[in-house]
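Here's the structure, in structure tokens; my notes come after.
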Amino acid sequence: MKFRTTLILLAVLIILLAVVILVEHRSTAVQQKKEKEEKLTDFKASEVEKFSLKSESGLIVIKRDEKGNWQIVEPLEAEADDYEASSLVENFASLKIDKVVEKQPSDLSIYEIPKKEVKLWVKGQSEPITIQIGMENPLDNTLYAKRADQPQLVLLPSYLRSSLDKKLFDLRKKDVLKFETKGVQTIELKSKENFWKIKREKDDWFFISPVEALAAKSQIDNLLDSLSRLRAKDFLAEEKDAQKIREFGLDQPEFTVNLSLPESQELVFWLTRKDNKVIATNSLSRKIIEVDSQIITDLNKSFSDLREKKVAVFNSWEATSIKLKKEKQEIVARKEKVKEKGREQEKWWLIAADGKKEPADESKVESALRKLEYLEAAEFIDQPTNLADFGLDPPRLEITITIKPADKEEKEVVLLTGPENAEKHQVVIKNKELKYLVRVDSSFLKELPEKFEDWKLVENKK
């Protein structure tokens, strides 16, 4: 009896489970059908191999190349802006209908269909999906539209208007003069006003001409970035031949920038101003374009503008030691890691001649380092013939700063300081790495200790 009851209960359970599965399946199927009916298109953007946009301004056809990049094939052959092309396709993939206006419209012309037309060739489909667009709905700016292979007239979201209004220029790749800045080894600029040449040495830039000097790294990097990021405001010539070069004044350019790249490659930029336009091209591009005028401001900077003004380029927080050598006296402060209350910290210590150490007044050490970090030249003395003439042979003071940047090799900055000109409040300094001297304001000397005890930590006694 019990066994028979168990079988009956099991059968009832199976039937109930089957009913639940059936209901859920039907519910899911209904939901999927409803969602499908609410969509005008149902495909992934990545499946689109080609699309076209037809509007009052003409027909534009864009397709993917073998690498998956977008290329314009009509009305001309050119690289497309990958972001703009992909955004347009994304907007028409899995496109939801705002509202069905008519299931069987009798006269599409009253809705101005087809005012615009988008065709999308989806992978695996023999025919393109064609979406015909008409006028705006004056009530909410939605768009009247119809899919060519479906009878219903629908309203589509207003955000599509930005894609439908794209012109050929909008869909073109603008940065046609782009290059990789990290590979540039030398830069040479020629203009009516300026001539200079610099070379890269590890992380720094050094002038070769007009004199050997350290360049301001941030400014040189910014100039390279500006050249690399030049974007077309207009395409003036698709193919630069001798006639076009003369026509746009590039046969006698206002600026010539020559970049040397790895493996003896060379990249040359030519820029000029004509008819209130800044016109540019380079040796790797076939096109002549109009660019933003800001680049002229960057290129007009002279050797003195681009020269590094700092006596030594370093970050004070990366300093691990500082040594001051004056006559027979040496004062050494070193940063070391210590554990206090279970936590590891960095502290400054004064190191005596016998190796003994005692706590340093960290505020004084770090203040001196910051003064040295931001010390700038008031005047440059290029190609000095005799260091003794400036009180640097021997120097009055030698400052050695050890720097340990993150993920880089440790290095030393050595500054040789001459006697102070008390009347002018100036002192001459030589950075041992550089061939020239600098004259600076001498106020930084007040931050430096005269004797070992000046940097000792004096604890407050209550």
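The values are calculated or read from the model by the stated rules, or taken from the named source; none is laboratory data. Small disclaimer: the values here were computed from a predicted structure and weren't measured. Because the Cβ atoms are built from the backbone with ideal geometry, glycine has one as well, and the counts that use them run over all protein chains shown.
Out of 353, 377, report the one residue that is over 25 Å from residue 427 (Cβ atoms) and of a type in the set (A, V, I, L, M, F, W, C).
Answer to the selection: 353.
I need the full set of residues from region 147-169 which are surrounded by 15 or more Cβ atoms within 10 Å (Cβ to Cβ) and either in contact with a Gly (Cβ under 7 Å, 6 or more places away or on another chain) or farther than 13 Å from residue 103 by Cα (or both), in order please.
156, 157, 160, 161, 163, 164, 166, 168
Return yes or no: is residue 214 within 30 Å of residue 435 (Cα to Cα), touching a residue at least 40 places away in the same chain (Cβ under 8 Å) and not aromatic (Phe, Trp, Tyr)?
yes
Being modelled with pLDDT of 65 or more and hydroxyl-bearing (Ser, Thr, Tyr) is the filter here; which residues of region 1-54 pass it?
Scanning region 1-54 gives 5, 6, 41, 46, 52.
Of all residues being without any contact (Cβ under 8 Å) to a residue 24 or more places away in the chain and hydrophobic (A, V, I, L, M, F, W, C) in region 50-89, which is surrounded by the most Cβ atoms within 10 Å (Cβ to Cβ)? Just the residue, please.
Out of the qualifying residues, it is 70.
With 382, 354, 393 as the choices, which residue is out of contact with any strand residue (DSSP E or B) (no Cβ under 8 Å at 6 or more places or on another chain), surrounded by fewer than 16 Cβ atoms within 10 Å (Cβ to Cβ) and under 23 Å from residue 212 (Cα atoms)?
Matching residue, one of 382, 354, 393: 393.
Surrounded by 15 or more Cβ atoms within 10 Å (Cβ to Cβ), in contact with a helix residue (DSSP H, G or I) (Cβ under 8 Å, 6 or more places away or on another chain) and modelled with pLDDT under 95, is that true of residue 93? Write out each step before concluding.
Numbers: surrounded by 15 or more Cβ atoms within 10 Å (Cβ to Cβ): yes; in contact with a helix residue (DSSP H, G or I) (Cβ under 8 Å, 6 or more places away or on another chain): yes; modelled with pLDDT under 95: yes.
So residue 93 fits the description; yes.
Given the criteria on the phi < 0 side of the Ramachandran plot, hydroxyl-bearing (Ser, Thr, Tyr) and crowded, with 18+ Cβ neighbours inside 10 Å, does residue 144 qualify?
Working: on the phi < 0 side of the Ramachandran plot: yes; hydroxyl-bearing (Ser, Thr, Tyr): yes; crowded, with 18+ Cβ neighbours inside 10 Å: yes.
In short, yes.
Do you know which residues across region 90-139 are touching a residue at least 40 places away in the same chain (Cβ under 8 Å) and at positive phi?
Within region 90-139, 94, 124 qualify.
Would you mind telling me which numbered condition in (1) in a strand (DSSP E or B); (2) surrounded by 15 or more Cβ atoms within 10 Å (Cβ to Cβ) residue 114 fails?
The number of the failed condition is (1).
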